[in-house]
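Chemist: Below is one structure. I have some questions about it.
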Amino acid sequence: MMYLVIYDVQDDRERLFIMRTLQAAGLRRVEYSSYLGPLDLNDAEALAEIIHAHLGDRDSSYFVPLTSYTTGMTLISTKHGVRRPSQSRLEAT
C-alpha cells in the first residue's frame, strides 16, 4: 500500500535522521517534510516506532495510507495550475 508520511520536527539533527530513514526505506520526497512510497503495514509500524523515538515534545508524524481510490482523487496545485498526477508518478519510488 502507498503511504504518505508527513512530519513536523523542530530539531535539525532529528529532522535529518528522519529524512534519511524514510529515504532508506524507499520513500521519495514529495515536499519538504513529506514522503511517499509503498510500505506494508508492518514496515509502516516499524518506521513509525523508529521516528517516534526521535520526536521532541512538540513534534509529530503522520503515516497516511493511500488506497487506489484516494490516490485517484489526488490533486496537485502549483503556480502553473491544478492537476491530477499520473498513477505511475504516485507509484514511482
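Chemist: Please go through segment 12-28 and pick out each residue that is touching a residue at least 24 places away in the same chain (Cβ under 8 Å) and open to solvent by 40 Å² or more (accessible area, probe 1.4 Å). Talk me through it step by step, then tell me what you get.
Modeler: From segment 12-28, those touching a residue at least 24 places away in the same chain (Cβ under 8 Å) are 14, 17-18, 21-22, 26-28; that's our starting set.
Listed by number, the residues that qualify are Glu14, Phe17, Arg28.
Chemist: Output the number of residues of segment 64-77 satisfying the condition of being loosely packed, with under 11 Cβ neighbours inside 10 Å and closer than 10 Å to Tyr3 by Cβ. Write out each step before concluding.
Modeler: We begin by selecting, within segment 64-77, every residue loosely packed, with under 11 Cβ neighbours inside 10 Å; these are 67, 69, 73, 75, 77.
Keeping just the survivors that are closer than 10 Å to Tyr3 by Cβ gives none.
Residues that pass the stated criteria total 0.
Chemist: Pull up segment 29-63, narrow it to residues that are loosely packed, with under 13 Cβ neighbours inside 10 Å and among the acidic types (Asp, Glu), then point me to the one that is modelled with the lowest pLDDT. Give the derivation first.
Modeler: Initial filter on segment 29-63 (loosely packed, with under 13 Cβ neighbours inside 10 Å): 31-32, 40-42, 45, 49, 52-53, 56-58, 60, 62.
When the remaining residues are screened for being among the acidic types (Asp, Glu), the result is 31, 40, 45, 49, 57.
Numbers: Glu31: 92, Asp40: 95, Glu45: 97, Glu49: 97, Asp57: 96.
The selected residue is Glu31.
The values are calculated or read from the model by the stated rules, or taken from the named source; none is laboratory data. Given the structure is predicted, the values throughout are model-derived calculations rather than measurements. Because the Cβ atoms are built from the backbone with ideal geometry, glycine has one as well, and the counts that use them run over all protein chains shown. We work out accessible area using only protein heavy atoms, side chains counted, and drop any ligands, DNA or RNA first. Shrake-Rupley method; radii C 1.70, N 1.55, O 1.52, S 1.80 Å.
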